[in-house]
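Okay, structure first, notes after.
Every read-out reported here was derived from the displayed coordinates using simple, explicitly stated rules and does not represent laboratory data. Quick caveat: nothing in here was measured; it's all calculated off a predicted structure. In this analysis, Cβ positions are derived from the backbone assuming ideal geometry, glycine residues included, and neighbour counts consider all displayed protein chains.
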Amino acid sequence: MQNDEGTDSEKGEAKQDVKSGYAPTFGTETAPNKENRNGNEHHRAEQSKILREWLTIGTLFVAGAAALYQDYVLSRQAALLEGQLGEMKSAGRQTDQLIKSNADLAAAAKAQAIASRESAKIAHDALQTGLRARIAAMNAVLENLQIGQPIKANISYSNIGHEGSPLDFIATMKTYLKEEWDKDLPLDEINSNLQHCMNIDSVKGRSMAYPSNSAFGGGYAFSLKSNSDVLGDKKFVADDDLIKGNKIIVVSSCIVYKTLEEIHHTSACYYYLANETPSLQSLNICEAGNAAD
């Protein structure tokens, strides 16, 4: 009986143990519950991590797709622009060819116009040649070649053209020493007379020269004396040096005339040198001072 019921102290301990076995557990977590909670949190963290990774992958995919689409759009635009550029280049080549063709046509037209003008000028010149007056100096002679006497020069001219022409006649006489003549020193003055003649641009019409083949035609002569006031301070008379050939007489003439409304000129130069000029009736022609237009 003792063994079954036990002592009072043992019964009291047993009661205490029973009370302890059913005591509340507030404020203290058991190990299994703590492990379960930690496992759940870890699971949720893994799921969040996986979600973030998928979101990142999705974002990258969308960005890549957008980049590919943008590249596609830009490629299409580039292709379109290249096509337009090709069309512009083609049109430019066609335009260049058209411009070149028009330029060639213009050049051909210009060349034809120049040729036409040249043909017209040739025809006009031929008409001028056939109809215009043409006055030529024919000869020069000397009279009264005596010591102490003035010398008279007659310069003859003729209109060998087909139209009568008003004209002005200018002439001068001058003596040079034989040594000056041999050194060509008079050439400057002779050429100066020529230039003065050819530069005259008007005609007063003091005389009239008719064509030599007309009823009024024939030769004309202009006379000038060595002591004429026309010569000014260059007046002279014949002397012993002139008779013996130590001096030379130079006669320069200038005829300015108008034909077919244009001014023309004839310049001539003659000289006399004793023992060289064959005759007083036909003076030598100078090597300079002769021209006509």
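The phi torsions of the range 282-290, fed into the Karplus equation with coefficients 6.51, -1.76 and 1.60 and a -60° offset, translate into couplings of 8, 6, 5, 8, 5, 6, 9, x, 10 Hz, rounded to whole numbers, with Gly and Pro shown as x.
This ranking places Lys235, Lys121, Lys247 by how few other beta-carbon atoms lie within 10 Å of each, fewest first, which gives Lys121, Lys235, Lys247.
The string of couplings for the range 197-203 from the Karplus curve (6.51, -1.76, 1.60, θ = phi - 60°) is 5, 6, 8, 5, 10, 8, 10 Hz, one whole number per residue in order, with x for Gly and Pro. Pairs Lys183/Lys235; Lys152/Lys178; Lys183/Lys258; Lys204/Lys247; Lys178/Lys204; Lys204/Lys234: which exceed 32 Å Cα-Cα? In this structure, Lys183/Lys258; Lys204/Lys247; Lys178/Lys204 lie more than 32 Å apart at Cα. For Asn227, the residues 5 or more places off, or on other chains, whose built amide H falls under 5 Å of its own are Ile151, Phe236.
Summarising the overall dimensions of the range 58-160 from its C-alpha atoms, the Rg and Dmax are 42.5, 137 angstrom.
Across the range 186-195, coupling constants 3J(HN,Hα) worked out from phi with the 6.51/-1.76/1.60 Karplus curve, θ = phi - 60°, read x, 4, 4, 6, 4, 5, 5, 4, 4, 4 Hz, and Gly and Pro carry x.
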